[in-house]
Amino acid sequence: MDRIILIKYGELTTKKGNRKLFIDTLYKNINLKLKKMDVVITRDMSRMYIEYDSSVEDIIISKIKEVFGIHAFLIAHKTETDIDSIKNTVLEVLKNNISKDDITFKVETKRSYKKFVMDSGEVNHAIGGLVLKNFSNMKVDVHSPMLTVHIEIRENNSYVYLNEYKGLGGYPVGTLGHGMLMLSGGIDSPVAGYLAIKRGIKLDLVYFEAIPHTSLEARSKVINLAKKLSIYGGEMRLIIVPFTKLQTSIYKNVLENYPITIMRRMMYRIMEKLSLRFKSLAIINGESVGQVASQTLTSMNVINSVTNIPVIRPVACLDKLEIIDIAKKIDTYDISILPYEDCCTVFVPRHPIINPSLDKCLEMESKFDYESLIDEIMDNLLILKIDENYEEDKYNDVL
């Protein structure tokens, strides 16, 4: 029997006029994932089909599980579109896939090819009778079956399958524009990036670095987080921002409880400049309401006031345990808890302001020439291209 992976689009089918764009982008993304595999991928407006060498089936499935825009996928058995071929395929599939224990089942037929000689109900009845005749341990249960025999009847070929696997859902990466993620070494921002990618946003990553106060180990930690995100989002730019001089000026010129607020305002100013340079439509970060002093609603309001670029906070209304659960799912948690501090944690004041005043922020910022420092930063960015196979030794060569 010919085996084929059949992909269901799910949410993409709601896109009407833009549906072709979403399906074409998903097709491109799957091709990139499987570029080293001997596969043939075809598509129509309701399904995508992957023909492959069965020896690499497990690898292909593992890659498909990393692609956003897939509602579900399954291993289908391709057959000719006539009832005898379909019957023979059903018998062969069941013979190879069911146990001798008692099993309840039902048959579900989708007849896209309306010229087929039998309608869906007639096919269900014929196949159900065939199964009962050939497998004495199987009984019909149309409400809560242990097993469903799926049949899809199409003009050129038909398909028989049993199990359906859940995909990641969401939208294909690149269909909803370009955003920039403020990526620290913590738990929250990689999760925020993952959730943004799920909604079809193509990401660049921005890491604020304050060497020698932060270490090269902290940078390497962020690179490894970027590699994890690239599994889902494809190749990404990692923009490393040299923040030391500006951060030092902040601590010299602001009140003891205000440096985090002013630092975040400076970061947002830099993010706006980066967004304009790299044509990003949104700033994305891992802020969660109330989690730390800079993430109260008052603080967010004061910090946000320096930019007109939309700011998306995917984890804003999640609690820490919910964020940790996602971090473990995407395999970033163990990297995030490594003990290397970033510039957001290395200089945290004992009592950071919870409800900062915008007027005080403006007054303190007027005491030093932050604009020149930001211009200097923009002239000295380090930009790396990261994918899931990025090698640390190449990175060290850049240093």
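The values are calculated or read from the model by the stated rules, or taken from the named source; none is laboratory data. All of these numbers come straight from a predicted model, not from anything done at the bench. In this analysis, Cβ positions are derived from the backbone assuming ideal geometry, glycine residues included, and neighbour counts consider all displayed protein chains.
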Which numbered condition M45 misses (of (1) touching a strand residue (DSSP E or B) at 6+ places or on another chain (Cβ under 8 Å); (2) among the aliphatic types (A, V, I, L, M); (3) closer than 27 Å to R111 by Cα):
(1)
Residue pairs meeting the criteria (Cβ under 7 Å; at least 6 apart or on separate chains; first over 11 Å from P172 (Cβ atoms), in the stretch 1-30; second part of a loop (DSSP other than H, G, I, E, B))
R19/M45
Enumeration of residues in the stretch 181-215 that are of a type outside the set (G, A, S), surrounded by 24 or more Cβ atoms within 10 Å (Cβ to Cβ) and in contact with a Phe, Trp or Tyr (Cβ under 7 Å, 6 or more places away or on another chain):
L183, Y194, I197, F208
Would you mind stating whether L130 is assigned by TED's automatic domain parsing to the domain that holds T104, in contact with a helix residue (DSSP H, G or I) (Cβ under 8 Å, 6 or more places away or on another chain) and more than 25 Å from I23 (Cβ to Cβ)?
yes
From the residues in the stretch 17-39 that are among the basic types (K, R) and under 23 Å from E152 (Cβ atoms), which one is surrounded by the fewest Cβ atoms within 10 Å (Cβ to Cβ)?
K20
Across the stretch 80-98, what is the number of residues that are in contact (Cβ under 8 Å) with a residue 12 or more places away in the chain and either part of a loop (DSSP other than H, G, I, E, B) or not charged (D, E, K, R) (or both)?
12
Of all residues in the stretch 354-372 being within 40 Å of the chain's Cα centre (by Cα) and in contact (Cβ under 8 Å) with a residue 60 or more places away in the chain, which is surrounded by the most Cβ atoms within 10 Å (Cβ to Cβ)?
P356
Selection from the stretch 302-334 of residues that are in a loop (DSSP other than H, G, I, E, B) and out of contact with any strand residue (DSSP E or B) (no Cβ under 9 Å at 6 or more places or on another chain):
S305, V306, N308, V315, A316, C317, L318, D319, I330, D331, T332
Could you list, in sequence order, all residues of the stretch 99-115 that are assigned to a loop (DSSP other than H, G, I, E, B) and either surrounded by fewer than 13 Cβ atoms within 10 Å (Cβ to Cβ) or at pLDDT 95 or above (or both)?
S99, K100, D101, D102, K114, K115
Taking S120, is it loosely packed, with under 15 Cβ neighbours inside 10 Å, among the polar types (S, T, N, Q) and farther than 21 Å from D2 by Cα?
no
Residue by residue through the stretch 44-79, note down the ones that are within 20 Å of D2 (Cα to Cα), surrounded by 17 or more Cβ atoms within 10 Å (Cβ to Cβ) and of a type outside the set (A, V, I, L, M).
R47, Y49, Y52, F73, H77, K78, T79
When (1) modelled with pLDDT of 95 or more; (2) under 16 Å from L183 (Cα atoms) are applied to Y340, the one that fails is (1)
